[in-house]
Structure formats: structure tokens, C-alpha cells
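As C-alpha cells, the structure follows; a few thoughts come after it.
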Amino acid sequence: MQAWAQALWTGPRWESFLRGVVRRVLAGDEPQPWWMPCRVLTVVSADVDTATGVGAIWIVARPKSPRTREHIALLEWHGEQWRHAGGSSSPADDPVDVEVLDVHHGGSVLSLTRSIDPPRSLTTAPWINCVKVLLGRNVGHVLIGGRQIENPTQGRLIAVWTSPNNRRAARPVIVAVGRDGTELSRLGPHDSLDTHTWARLRQEW
């Protein structure tokens, strides 16, 4: 099974795997395939925005191994099917406890629409972006721009969005909302720390 998983990362098999995850998310099911042991490959989180036709999948391969790696896959609805647009791979971060909100850049890739009218489309095609969001236990959900995403049991999720070509680095406002509906913290498009963390640091100073 491990050899099979290592051969998964390229070609039609990889595309088929990603499309299967997207189908499960759209059906409201858990993103983890039932036939894939979590010790071999764990789908940490997957997010699909049907309004813009983009998706992001956060995967950890061999999560309990010293050689564990993290994979971020970005997808786009293009040519009447979900296609892998790109992504990244890196050593996996160690799990950390988060008080309220912590956000890490996940990746960006130019939309597949760039292939329609090259080279002009390289300057007009939108970007597909994602972030990894870590949440505290008291957070009920997060608002990513105009979308609401529930806090999963493990407190880790990935969120995807699109941005215009000339605003590649633009990130939506991210708001952590408590289970009682009150705002706990927020992170602006260009902020490095969320408001809760800033408030705690000011008290310590």
C-alpha cells in the first residue's frame, strides 16, 4: 500500500484521487477515502467553492513517519471537469495547540483559463489561492470572505478562494466566531497577527 501511495502523486491516478475527494466534499461526506488507511495518507481537510469553481485539498503522507510530507493540491472546474491546477509539497509541520486563530499560507497557482488565449491570458487569468487555518476549541466556525466554514473536530482546515491577476497576494478577511455567535478574532488581508493575539500581546507589554 505504501508503494502504491508513493506512485499516487503524478498522472491520471493522482487526478482520479483528487476528483474523488472533491466528490465526497460536494456530497457532504468526509474527505478521507474509506479505502485509504490514514497511517498511509491522511486527507486533513478539503474545501470546494462551487461559486468560483475552485478547490483545495490538504494531505499528509505517512503522518507518523519521520519522513512525513505535506501536500497541497489546488483544483479548478475547467473543461467540464475538476482538474488539478497545481500545488506544493513540503515536510509536514508538527501539530500545535492554537488559542483562537492561526493562519498559514498554503499556496497559489494561476487559473487554468490562462491556456485559452496565450500569452495575453497570462496577465488576465485569476489566481487560485489557499491558506491553512488552525482554530482553537472555542471556535464554532470561520468566515472566509463571504463564506462560512465550520470548525472541524481536529481544528485544522484549508480554505480556497480566487483573486484577480493584479491582486495575487490579496487574502480575504478571516474571522473566527465562537459557538455562541460572538466574534473571537479576525485577520485582515495584510495582517501578520490576528486581533486576539495582538490584544494578548498588548496586555503582556
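In whole Å, how far is the Cα centre of segment 119-169 from that of segment 56-109?
12 Å
Hey, with R₀ at 30 Å, roughly what FRET efficiency would Glu30 and His105 work out to, going by the Cβ-Cβ distance, to 0.05? Working shown, then result.
Working: r = 25 Å, r/R0 = 0.85.
Computed FRET efficiency for Glu30 and His105: 0.75.
If eta is 1.306 mPa s and T is 10 °C, what Stokes-Einstein diffusion coefficient results for segment 1-109, Kirkwood Rh from Cα pairs, in µm²/s?
It comes out at roughly 108 µm²/s.
Can you work out ³J(HN,Hα) from phi for every residue in segment 125-135, in order, using Karplus 6.51 cos²θ - 1.76 cosθ + 1.60 and θ = phi - 60°, giving whole Hz and x for Gly and Pro?
Karplus-based 3J(HN,Hα) across segment 125-135 equals 5, x, 9, 9, 10, 8, 9, 9, 10, 10, 10 Hz.
Explain nothing, just the number: relative contact order of segment 20-120, from Cα pairs under 8 Å at least 6 residues apart, as a whole percent. Please report the intermediate quantities before stating the final value.
Numbers: 153 pairs, mean separation 16.8, N = 101.
Once divided by the residue count of segment 20-120, the mean separation gives 17 percent.
If I take R0 = 25 Å and measure r between the Cβ atoms of Arg23 and Ser65 in this structure, what FRET efficiency does the formula 1/(1 + (r/R0)^6) give, to the nearest 0.05?
0.35
Given 0.36 nm per residue, what is the gain on full extension from Ser88 to Thr113 after removing their alpha carbon distance, in nm?
7.0 nm
Which order do Lys64, Lys132 take by accessible area at a 1.4 Å probe, largest first? If you can, show how the numbers build up before the last one.
Details: Lys64 190, Lys132 20 Å².
Final ranking, largest accessible area leading: Lys64, Lys132.
Given q = 0.11, 0.13, 0.22, 0.25 Å⁻¹, what are the Debye log10 I(q)/I(0) values for segment 73-139, with equal point scatterers placed on the Cα positions and solvent ignored?
Debye intensities relative to I(0), on a log10 scale: -0.40, -0.52, -0.94, -1.07.
Apply 1/(1 + (r/R0)^6) to the Cβ-Cβ distance of His78 and Asn138, taking R0 = 45 Å, and write down the FRET efficiency to the nearest 0.05.
0.70
Short version: ³J(HN,Hα) in whole Hz for each residue of segment 20-34, in order, from phi by Karplus 6.51 cos²θ - 1.76 cosθ + 1.60 (θ = phi - 60°), x for Gly and Pro, what are they?
So the J values, rounded to whole Hz, are x, 5, 4, 4, 5, 5, 5, 8, x, 9, 5, x, 5, x, 5.
Once all Cα-Cα distances of segment 93-196 are split into 10 Å bins that start at 0, what whole-number percent is in each one?
15, 43, 25, 13, 4, 0
Once amide H atoms are placed 1.01 Å from N in the peptide plane, what residues at a sequence separation of 5 or more from Gly86, or on another chain, have their amide H within under 5 Å of its amide H?
Leu74
Label points 7 Å out from Cα along the Cβ direction at Val173 and Ser192: separation in nm?
It works out to 2.3 nm between the two label points.
The values are calculated or read from the model by the stated rules, or taken from the named source; none is laboratory data. Fair warning: this is a prediction, and the values are worked out from it, not measured in the lab. Note: ideal-geometry Cβ built from the backbone for every residue, glycine included; neighbour counts use all protein chains shown. All accessible areas refer to the heavy atoms of the entire protein, side chains included, with ligands and DNA or RNA removed. Shrake-Rupley method; radii C 1.70, N 1.55, O 1.52, S 1.80 Å.
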